[in-house]
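Novice: Can you read through this structure? Questions will come right after.
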Amino acid sequence: MEKQLTPIKSLNGSIKVPGDKSISHRAVMFGSIAEGTTTINGFLPGEDCLSTISCFKKLGVKIEQINEQVTVEGKGISGLQPSKEELYVGNSGTTIRLMLGILANTPFTTVLTGDDSIAKRPMNRVTQPLKEMGAIIDGKEEGNKVPLKITGGSTKGIDYHSKIASAQVKSAILLAGLQGEGITSVTEPAKSRDHSERMLEAFGCSVDQKGLTVSLNAGQELKGTHIEVPGDISSAAFFLVAGAIIPESTISLKKVGLNPTRTGILDVLENMGAKIQFENVNSESSEPYGDLVIQTSKLKGTIIKGDLIPRLIDEIPIIALAATQAEGKTIIQDAHELRVKETDRIKTVVDELSKMGANIEATDDGMIIHGKTSLKGAQVDSYGDHRIGMMLSIASCIAKGETKLMNPEAVAVSYPSFFDQLKSLANHN
Ligand code: S3P
């Protein structure tokens, strides 16, 4: 598919961005291995989270989903049944990596596979520690690439020191550690998102967190519960940047998740000079949330590196666009992980924004952007990467002339209502 996009004069109004993708996945997964019923409100009905539902249904879990409401009838982890077919995770890295952790101890064999993007992504970051714990895993490149075949063993606890700050790695190991025997600890080089830790506690498990180490004991039972999913700050990010860079704009974003392990984008935008107001903040809830109001702002360049990177890893494409509209130089470093996302996001961001006239260069672990540049309409491609598709759509709003976006349908992976919400805020005259 392709989509014709035209410049926009201003963006004004209020929207509720869809539910958080990471939290929606986990609510279905943890509900599926819990005893009893789990109800979910605010679920993200995007393709990735629907893949998670479809995989657990194939493992015999009864799940009913109507838009943002989901009911999961869990029968405990031992209630999972072998699947007759292979499990297809589509584009979803979170689905495959966390499911491998869950399946590390189930007494049957499961085959997992995904789309062309998943086929390129490294799985050994998860399969290698799970094998050390006792799971039997086979696959392309010795279990690094899909299709993967996993047979649950009787796993033993592990004290794992990860080289990368990755919530998918941390969560997979913790989920395997819940089963089998012993204590499992994961230590990261920097803190990654902690939704699994928070949600395991909501499901009645005890999780110990000291500095960069998270530990839990095997043999804990999850009990079905109710999960309220806040809006996804990674989706809100597109409208935060749009509001800041499009003239005469004010956008109010309702009930956005404000977990501190995810709010790096707010720190960076404020550092760059963006005017953001916080309203109705609820920090009592297990996942804090609040309303965000953004206005057109004069931005300046910044440096983004170190511990900040895991707190905004998925927002780097849209931050790069903001940097093209900021005075001065923006440097993004320590973001090597971008090379193994849905696309190589260092390459796709630099290639596609360059076509629109940005002054941007790739480095090994990030990019350097010189602003401020005026962008021009061009033919650009999401390459099937949802966040690249949305970033380029926002870029088209400020570009001179028309932009043709190839593969726009990718946005449905995390934000099916993206184009409708953009249209509802847009003023073309
Ligand atoms: C996610 C973790 C991050 C993130 C991804 C979702 C999660 O990946 O990029 O979109 O839900 O745990 P890594 O754990 O690989 O950094």
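Novice: Just checking, does region 229-241 include any residue being open to solvent by less than 10 Å² (accessible area, probe 1.4 Å), assigned by TED's automatic domain parsing to the domain that holds D307 and farther than 18 Å from G19 by Cα?
Specialist: Yes, the conditions are met somewhere in region 229-241.
Novice: Further question: Of all the residues that make up region 89-128, how many are among the small types (G, A, S), within 14 Å of the ligand (Cβ to nearest atom) and surrounded by fewer than 18 Cβ atoms within 10 Å (Cβ to Cβ)?
Specialist: 0
Novice: So D48 clears everything in (1) surrounded by fewer than 24 Cβ atoms within 10 Å (Cβ to Cβ); (2) away from the ligand (no atom under 15 Å from the Cβ); (3) not in a loop (DSSP other than H, G, I, E, B) except one condition, right? Which one?
Specialist: Evaluating D48 over (1) surrounded by fewer than 24 Cβ atoms within 10 Å (Cβ to Cβ); (2) away from the ligand (no atom under 15 Å from the Cβ); (3) not in a loop (DSSP other than H, G, I, E, B) leaves (2) as the failure.
Novice: Could you please let me know if L338 is within 16 Å of the ligand (Cβ to nearest atom), open to solvent by 10 Å² or more (accessible area, probe 1.4 Å) and either in the same structural domain as T263 (by TED's automatic domain parsing) or not in a helix (DSSP H, G or I) (or both)?
Specialist: no
Novice: How many of the residues in region 257-293 are among the aliphatic types (A, V, I, L, M) and open to solvent by 30 Å² or more (accessible area, probe 1.4 Å)?
Specialist: So the answer is 1.
Novice: A further question on this structure: State the number of residues belonging to region 107-130 that are more than 26 Å from I164 (Cβ to Cβ) and not hydrophobic (A, V, I, L, M, F, W, C).
Specialist: 2
Novice: Still on this structure, I have one more. What about T296, is it assigned by TED's automatic domain parsing to the domain that holds I276, buried (at least 24 other Cβ atoms within 10 Å of the Cβ) and either of a type in the set (S, T, N, Q) or in contact with a helix residue (DSSP H, G or I) (Cβ under 8 Å, 6 or more places away or on another chain) (or both)?
Specialist: no
Novice: Taking Q65 and the conditions (1) open to solvent by less than 10 Å² (accessible area, probe 1.4 Å); (2) more than 13 Å from the ligand (Cβ to nearest atom); (3) outside the structural domain of Q379 (by TED's automatic domain parsing); (4) among the polar types (S, T, N, Q), which numbered condition does it fall short on, given that it satisfies the others?
Specialist: Exception for Q65: condition (1).
Novice: Output yes when any residue across region 314-321 is within 22 Å of E188 (Cβ to Cβ), open to solvent by 30 Å² or more (accessible area, probe 1.4 Å) and out of contact with any Cys (no Cβ under 7 Å at 6 or more places or on another chain), and no when none is.
Specialist: The answer is no, given that none of the residues of region 314-321 is within 22 Å of E188 (Cβ to Cβ), open to solvent by 30 Å² or more (accessible area, probe 1.4 Å) and out of contact with any Cys (no Cβ under 7 Å at 6 or more places or on another chain).
Novice: In region 1-41, how many are part of a loop (DSSP other than H, G, I, E, B) and open to solvent by 10 Å² or more (accessible area, probe 1.4 Å)?
Specialist: 6
Novice: Let me ask you something else. Would you be able to say whether some residue in region 313-324 is in contact with a Phe, Trp or Tyr (Cβ under 9 Å, 6 or more places away or on another chain) and in a loop (DSSP other than H, G, I, E, B)?
Specialist: Scanning region 313-324 turns up no residue that is in contact with a Phe, Trp or Tyr (Cβ under 9 Å, 6 or more places away or on another chain) and in a loop (DSSP other than H, G, I, E, B).
Novice: Does region 151-161 contain any residue that is open to solvent by less than 20 Å² (accessible area, probe 1.4 Å) and within 16 Å of the ligand (Cβ to nearest atom)?
Specialist: No, region 151-161 contains no residue that is open to solvent by less than 20 Å² (accessible area, probe 1.4 Å) and within 16 Å of the ligand (Cβ to nearest atom).
Novice: Quick check on region 169-206: of everything there that is touching a Gly at 6+ places or on another chain (Cβ under 6 Å) and open to solvent by 20 Å² or more (accessible area, probe 1.4 Å), which residue is nearest to the ligand (Cβ to nearest atom)?
Specialist: I183
Novice: Would you check if V70 is away from the ligand (no atom under 15 Å from the Cβ) and closer than 18 Å to P416 by Cα?
Specialist: The answer is yes for V70.
Novice: While we're on this one: So which of L308, L292 is assigned to a helix (DSSP H, G or I), of a type in the set (A, V, I, L, M) and under 22 Å from the mean Cα position of the chain (by Cα)?
Specialist: When all the criteria are applied, what remains is L308.
Novice: Would you mind telling me which numbered condition in (1) in contact with a strand residue (DSSP E or B) (Cβ under 6 Å, 6 or more places away or on another chain); (2) within 30 Å of G101 (Cα to Cα); (3) modelled with pLDDT under 95 K275 fails?
Specialist: (2)
Novice: Tell me yes or no: at least one residue of region 86-97 is assigned to a strand (DSSP E or B) and of a type outside the set (K, R).
Specialist: Yes - at least one qualifying residue is present in region 86-97.
Novice: Just the residues that are touching a residue at least 60 places away in the same chain (Cβ under 8 Å) and either in a helix (DSSP H, G or I) or open to solvent by 30 Å² or more (accessible area, probe 1.4 Å) (or both), please, taken from region 373-385.
Specialist: G384, the sole residue that qualifies.
Novice: For region 71-87, how many residues meet the condition of being hydroxyl-bearing (S, T, Y) and open to solvent by 90 Å² or more (accessible area, probe 1.4 Å)?
Specialist: 1
Novice: Out of L321, L299, report the one residue that is away from the ligand (no atom under 16 Å from the Cβ) and within 20 Å of the chain's Cα centre (by Cα).
Specialist: On inspection, the qualifying residue turns out to be L321.
Novice: Here is a follow-up. Could you please give the count of residues in region 386-429 that are in a helix (DSSP H, G or I) and either among the hydrophobic types (A, V, I, L, M, F, W, C) or open to solvent by less than 10 Å² (accessible area, probe 1.4 Å) (or both)?
Specialist: Count: 22.
The values are calculated or read from the model by the stated rules, or taken from the named source; none is laboratory data. Worth saying up front: this structure is predicted, and the values here are computed from it rather than measured. All Cβ positions, even for glycine, are placed from backbone atoms using ideal geometry, and neighbour counts span all protein chains on display. Each accessible area value is taken on the protein alone, full model and side chains, heavy atoms only, with ligands, DNA and RNA left out. Shrake-Rupley method; radii C 1.70, N 1.55, O 1.52, S 1.80 Å.
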